[in-house]
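The values are calculated or read from the model by the stated rules, or taken from the named source; none is laboratory data. Quick caveat: nothing in here was measured; it's all calculated off a predicted structure. Ideal geometry is used to build each Cβ from the backbone, glycine not excepted, and the neighbour counts take in all protein chains shown. The area values use the complete protein model at the heavy-atom level, side chains included, leaving out ligands, DNA and RNA. Shrake-Rupley method; radii C 1.70, N 1.55, O 1.52, S 1.80 Å.
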Amino acid sequence: MALLHLGEWGELRKLLAEGLRAAEQNASPFVQTLLQLLAAWLHLEALDFQGGLALCERAQPRLGDPHAVIFRPILLGRAHLGLGQYDEAARCFAEITSAMEAGVLIHRRFGMMFLHGVGEYWLAQEETARARTEADKLFELAGPPGERAYLALGHRLLTEIAMAEHAWEEALAHLSRALAIVDAEDAELPLAAWRVYALAGDVNQRLDCHEEARRYWAQSAAIIHQLADSLGEDDEEALTLRAALLNAEPMKRRLRYAP
């Protein structure tokens, strides 16, 4: 998880391959499932939603494995959301809600991922009040431990919500807070930072601040290229992930401004 969040994706892939070989040799289905799901998570972060969905479906946790009721449905929901398959995403997120209502405990990190995904789902459905509720829950969970990546993503989500409601003063306030988090001198938050910078570029473009827009898009593009370069070009999976990341529709326009 540390390598995933730091953007050291080539090293992560090596570690996952080694771990999967060891899990198969030692007949460790629990570890094998966890590593398969971490591989799916990598694909989702690289915007390869179809590949992430396939890996999630391939991972079949055994009865009693906690990954069956929480981690896998979260990743499935995010994959469907990325593919615009909103009914399927809603079913996955509802499955997690039901499990939690039945008393299943959820790890804080998975809880933040879940709330962020549900918030993005409601925003996509133009249900801004419900999206705001999930964002508020995300802050309640991410705030006490100071989980900066999800605090930045939470402010980014609230920026988009406020924009959808035409509340520009609020949108700019949340965007400023998100930027302050990812701009901090000790921040190592590439997965949040590229998204925050990309949105900052979009917001400035809409406000006719074209020079600022290009500057933020360039910052986002630089991180995207660093993530892609970390994958290398050694095998088909690396090339697939690079292509997914660099050719995603929202990225093409912004990547023109890469330094």
Residue by residue through the range 99-115, the couplings from Karplus 6.51 cos²θ - 1.76 cosθ + 1.60 with θ = phi - 60°, in Hz, x for Gly and Pro, are 5, 5, 5, 7, x, 6, 7, 10, 4, 3, 4, 5, x, 5, 4, 5, 5
Probe 1.4 Å, heavy atoms of protein chains only: per residue, the accessible area of the range 93-205 in Å² is 45
Out of 194, 168, 41, a Gaussian network model of the chain with alpha-carbon springs under 10 Å gives the largest mean-square fluctuation to 168
Projecting the Cα atoms of 40, 22, 181 onto the charge dipole of the chain, where Lys and Arg contribute +1 and Asp and Glu -1 at Cβ, the residue farthest towards the positive end is 22
Largest first and rounded to whole Å, the semi-axes √(5λ) derived from the alpha carbon gyration tensor of the range 1-149 read 26, 17, 16
Distance in nm between residue 83 and residue 30 label points, each 7 Å along Cα→Cβ, equals 3.1
In deg cm²/dmol, rounded to the nearest 500, the helical mean residue ellipticity at 222 nm of the chain, built from -39500 (n - 2.57) for every DSSP H run of length 4 or more, is -25000 deg cm²/dmol
By the Cα gyration tensor axes a ≥ b ≥ c (a/c under 1.5 gives rounded; else a/b larger than b/c gives prolate, otherwise oblate), the shape of the range 22-97 is oblate
Largest fluctuation, 197, 86, 121 only, Gaussian network model of the chain with Cα springs under 10 angstrom, belongs to 86
Per-residue accessible area, 1.4 Å probe, largest first, puts 112, 100 in the order 100, 112
Rounded to whole angstrom, the alpha-carbon centroid of the range 97-118 lies from that of the range 151-215 at a distance of 26
Rounded to the nearest 10 degrees, the helix 210-231 long axis (Cα) sits at an angle to the longest Cα principal axis of the chain of 20
Candidates for percent of Cα pairs over 33 Å apart are (1) 24; (2) 18; (3) 14, and the calculated one carries label (2)
If one builds a Gaussian network model of the chain from Cα atoms under 10 Å apart, the most fluctuating residue listed among 214, 58, 195 is 58
With a 1.4 angstrom probe the carbon and sulfur portion of accessible area for the chain, in percent, totals 51
